[in-house]
1. Is there any pair with a first residue in the stretch 71-84 that is under 14 Å from VAL37 (Cα atoms) and a second that is of a type in the set (Phe, Trp, Tyr) and not in a helix (DSSP H, G or I) whose Cβ atoms are under 9 Å apart and which are 6 or more apart or on different chains, and what are they?
2. Considering only residues that are open to solvent by 40 Å² or more (accessible area, probe 1.4 Å) and assigned to a helix (DSSP H, G or I), which ones fall in the stretch 339-352?
3. Can you report the number of residues in the stretch 86-126 which are surrounded by fewer than 23 Cβ atoms within 10 Å (Cβ to Cβ), in contact (Cβ under 8 Å) with a residue 12 or more places away in the chain and hydrophobic (A, V, I, L, M, F, W, C)?
4. So CYS69 clears everything in (1) under 21 Å from PHE132 (Cα atoms); (2) of a type in the set (A, V, I, L, M, F, W, C); (3) open to solvent by less than 20 Å² (accessible area, probe 1.4 Å); (4) out of contact with any strand residue (DSSP E or B) (no Cβ under 8 Å at 6 or more places or on another chain) except one condition, right? Which one?
5. Check the stretch 84-95 and report whether any residue there is in a helix (DSSP H, G or I), under 30 Å from GLY299 (Cβ atoms) and not basic (Lys, Arg).
6. Any residue in the stretch 193-207 that is closer than 20 Å to GLY15 by Cα, touching a Leu at 6+ places or on another chain (Cβ under 7 Å) and assigned to a strand (DSSP E or B)?
7. I'd like the full set of residues that are open to solvent by 10 Å² or more (accessible area, probe 1.4 Å), of a type outside the set (Val, Ile, Thr) and under 16 Å from VAL176 (Cβ atoms), limited to the stretch 225-252.
8. Please determine, by comparing only the residues of the stretch 253-276 that are out of contact with any Phe, Trp or Tyr (no Cβ under 9 Å at 6 or more places or on another chain) and outside any helix (DSSP H, G or I), which one is surrounded by the fewest Cβ atoms within 10 Å (Cβ to Cβ).
Amino acid sequence: MGYRILVTGGAGFIGSNLVHYLLEAAGLDLSVEIERVVTLDKLTYAGNLENLKDLEGDERHRVVEGDICDRRLVDELLKEESINAVMHLAAESHVDRSIEESASFVQTNVVGTHCLLEASRAWANTRPEIEFRFVHVSTDEVYGSLGVDDPSFSEVTPYSPNSPYSASKAASDHLVRAWFHTYEFPAITTNCSNNYGPFQFPEKLIPLMISKLQRGERLPVYGDGSNVRDWLYVEDHCRALVTALVKGIPGEVYNVGGNCEKTNLEVVRELIAVLADLDLKIGTIDPDSVIEFVTDRPGHDWRYAIDSSKIQSELGWAPKESFESGLRKTVRWYLDNAEWARHIEDGSYRGERLGLSSGA
């Protein structure tokens with residue numbers, strides 16, 4: 001029996017890239033048989049059906065609009081589709097939004113994860129012949145903030161979340177760990193660094209800067225731009241997630257990073273150079289003339305860095321893209337998909353939801 005996978009948050013940024021990877025490349029890269037992929041997404045502001053539009057003719061894929069907190073719906077999907085793997089990506093993820101309104105982060109990231117764990121455990125217990133897997137996708141932000149000389153986050157780094165977002169993700173990680181140790185539930189957790197690539201919602205750094213540059217606007221950078229992040233191209237992340245699904249050991253945690261630490265200011269400067277090179281309408285830009293330093297975010301973590309040696313040595317995964325190659329692919333995608341970006345900006349991407357399955 002091949003994999004029949006429920007992907008939560010599959011219409012979002014990483015989720016839609018994962019769905020594409022599962023249906024288009026997993027068999028080639030990892031010799032994985034994918035029988036069915038079911039996308040479950042609440043289609044809040046970050047869920048975009050246009051991310052999955054090119055898969056409409058693929059009979060292996062089904063999209064369901066629904067909430068991971070809806071236990072009845074989750075139970076029905078697991079049974080109807082004979083699911084043998086859950087890849088859980090649904091989450092509220094934007095730190096700034098969590099500072100302004102934390103309740104939805106607790107509801108989705110904590111309560112929603114609990115619902116999925118309980119539904120999946122109940123379903124797996126009725127089908128002992130199935131080698132069920134649950135991959136919980138989390139973030140490096142649960143580990144807190146690093147100093148300039150601190151070693152990178154590893155799987156044994158103590159949790160120290162500093163924002164409502166990261167606190168809610170830390171809570172979900174602890175639930176997954178407890179379900180493994182208490183119920184022997186076959187769960188695997190991954191903690192990734194900052195992703196970038198196609199389909200990323202334009203509130204995030206790289207797509208935000210691309211759109212502002214194209215409109216001739218100034219580029220807002222928090223503080224002095226010295227905050228450091230480890231950057232991971234989204235397809236490399238998707239390959240790591242499927243590797244963890246197929247080869248990972250239940251109960252284990254695998255950190256996934258791009259081994260690419262850069263300050264926010266370095267990222268913006270490199271982005272300006274790449275966009276000027278690929279978009280002839282923009283031409284040469286003096287970074288100092290367009291970058292505008294703005295008031296820092298409250299509690300802004302200074303540095304994140306991931307030690308991904310465990311998944312590399314134990315499961316044989318490694319990133320394929322450098323930041324330079326991944327950034328050029330990302331900018332090229334946004335230039336080639338200007339209509340997608342326009343639909344985000346004018347809100348029309350939320351208007352078309354015909355043909356969906358529903359939990360109603």
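1. ILE83/PHE132; ASN84/TYR3; ASN84/PHE132
2. Our first condition is that a residue be open to solvent by 40 Å² or more (accessible area, probe 1.4 Å); within the stretch 339-352, this holds for 339, 342-343, 345-346, 348, 350-352.
GLU339, ARG342, HIS343, GLU345, ASP346, SER348, ARG350 - these are the residues of the stretch 339-352 that are open to solvent by 40 Å² or more (accessible area, probe 1.4 Å) and assigned to a helix (DSSP H, G or I).
3. 9
4. With (1) under 21 Å from PHE132 (Cα atoms); (2) of a type in the set (A, V, I, L, M, F, W, C); (3) open to solvent by less than 20 Å² (accessible area, probe 1.4 Å); (4) out of contact with any strand residue (DSSP E or B) (no Cβ under 8 Å at 6 or more places or on another chain) applied to CYS69, the lone miss is (3).
5. The initial filter retains those residues of the stretch 84-95 that are in a helix (DSSP H, G or I), namely 95.
After this cut, where a residue has to be under 30 Å from GLY299 (Cβ atoms) as well, the list is 95.
Keeping just the survivors that are not basic (Lys, Arg) gives 95.
For the stretch 84-95, residues in a helix (DSSP H, G or I), under 30 Å from GLY299 (Cβ atoms) and not basic (Lys, Arg): present.
6. yes
7. First, pick out the residues of the stretch 225-252 that are open to solvent by 10 Å² or more (accessible area, probe 1.4 Å): 226, 228-229, 231, 233, 235, 239, 246-247, 249-252.
If we keep only those that are of a type outside the set (Val, Ile, Thr) too, we end up with 226, 229, 231, 233, 235, 239, 247, 250-252.
Answer for the stretch 225-252, where residues must be open to solvent by 10 Å² or more (accessible area, probe 1.4 Å), of a type outside the set (Val, Ile, Thr) and under 16 Å from VAL176 (Cβ atoms): PRO250, GLY251, GLU252.
8. Among residues in the stretch 253-276 that are out of contact with any Phe, Trp or Tyr (no Cβ under 9 Å at 6 or more places or on another chain) and outside any helix (DSSP H, G or I), the one surrounded by the fewest Cβ atoms within 10 Å (Cβ to Cβ) is THR263.
The values are calculated or read from the model by the stated rules, or taken from the named source; none is laboratory data. On a predicted model such as this, the values are computed, not experimentally measured, just so you know. Counting neighbours? That spans all protein chains shown, and the Cβs are built from the backbone with ideal geometry, glycine included. Each accessible area value is taken on the protein alone, full model and side chains, heavy atoms only, with ligands, DNA and RNA left out. Shrake-Rupley method; radii C 1.70, N 1.55, O 1.52, S 1.80 Å.
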